[in-house]
1. Please enumerate the residues belonging to the range 16-55 that are touching a residue at least 12 places away in the same chain (Cβ under 8 Å), over 23 Å from the mean Cα position of the chain (by Cα) and assigned to a helix (DSSP H, G or I).
2. Only strands (runs of 3 or more DSSP E) wholly contained in the range 64-132 count here; list those with 3 or more residues that are under 16 Å from residue 32 (Cα atoms) and at pLDDT 95 or above.
3. Looking at the structure I just gave you, is residue 100 in contact with a strand residue (DSSP E or B) (Cβ under 8 Å, 6 or more places away or on another chain) and farther than 30 Å from residue 192 by Cβ?
4. Confirm whether residue 266 is modelled with pLDDT of 90 or more and either crowded, with 18+ Cβ neighbours inside 10 Å or touching a strand residue (DSSP E or B) at 6+ places or on another chain (Cβ under 6 Å) (or both).
5. Which pairs have Cβ atoms under 9 Å, sit 6 or more apart or on different chains, and link a residue in the range 203-224 that is closer than 15 Å to residue 147 by Cβ to one that is loosely packed, with under 13 Cβ neighbours inside 10 Å and modelled with pLDDT under 85?
6. Only one of 156, 164, 225, 180 is within 30 Å of residue 119 (Cα to Cα) and at pLDDT below 75. Can you tell me which?
């Protein structure tokens, strides 16, 4: 069993390349700001570079945030191609590709950008604080949902893949433990990159060890819930556990990278229970989809 487990962990580690996350995080994002007044322009600038960040970080951002419109003498021209343009709300002639800055609801601006520029999410989160919480939520939710999809799919081998639009090749992972460990390691790298922390196995030794240490526990519990329970019952429990375990890992990493501390025992219990509820609910919706598809057949 030990040799099998080590082989499983080895497969998970070989499947995750932190270099890809580093490239996403290190990518510079050039943002253009368009406003009617200098006051409005400053408001947008301090939204992206709030008071409290280091002067070094502010200087770094100043090289990638570019005022648009009439150029003042001595002001450098913005690059010919910007990744994102953000315009003050209410301005005329705003191009279709530009986003609106809602001063009373800047989270809406962030959500609009991430909806269309998802590939820039990690880099935006690393460099610009307004994007950090939304990107963190997206990463944790996405990985938790993928793990539920995997748990359901491997328990019901006759599911038609197109029903669930699976974002992974199930056949490459014969073990639930391998897939969940792989996905949690990937999440750890993504969250580090999103929080402007070093990314990699050596750089994140403690986090990687924590993921590996917890990899076997959930499997031992979840396998007891499947096979002999009526259609969907055990699968939903298994899926809920896979979600809850990943939810705790994600929230623990978020706390670590945000404030440098760990969750208390009480917080871990509460977050696990929350994840279990969310996971079961998502799994139940998936199972309803599966049942409906089987009826149609």
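The values are calculated or read from the model by the stated rules, or taken from the named source; none is laboratory data. This one's a predicted model, so the numbers in the text were calculated from it and none came from an experiment. Here Cβ is always computed from backbone atoms with ideal geometry, including for glycine, and neighbour counts include all displayed protein chains.
1. Answer for the range 16-55, where residues must be touching a residue at least 12 places away in the same chain (Cβ under 8 Å), over 23 Å from the mean Cα position of the chain (by Cα) and assigned to a helix (DSSP H, G or I): 40, 41, 43, 44, 45.
2. 84-88, 99-101
3. yes
4. So residue 266 fails the test.
5. none
6. It is 164.
Listed here are the residues, each with its yes/no results for (1) free of Cβ contacts under 8 Å to residues at least 40 places away in the same chain; (2) under 23 Å from residue 245 (Cβ atoms); (3) outside the structural domain of residue 41 (by TED's automatic domain parsing).
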position: 59; (1), (2), (3): yes, no, no
position: 67; (1), (2), (3): yes, no, no
position: 77; (1), (2), (3): yes, no, no
position: 83; (1), (2), (3): no, no, no
position: 91; (1), (2), (3): no, no, no
position: 110; (1), (2), (3): yes, no, no
position: 137; (1), (2), (3): yes, yes, yes
position: 146; (1), (2), (3): yes, yes, yes
position: 150; (1), (2), (3): no, yes, yes
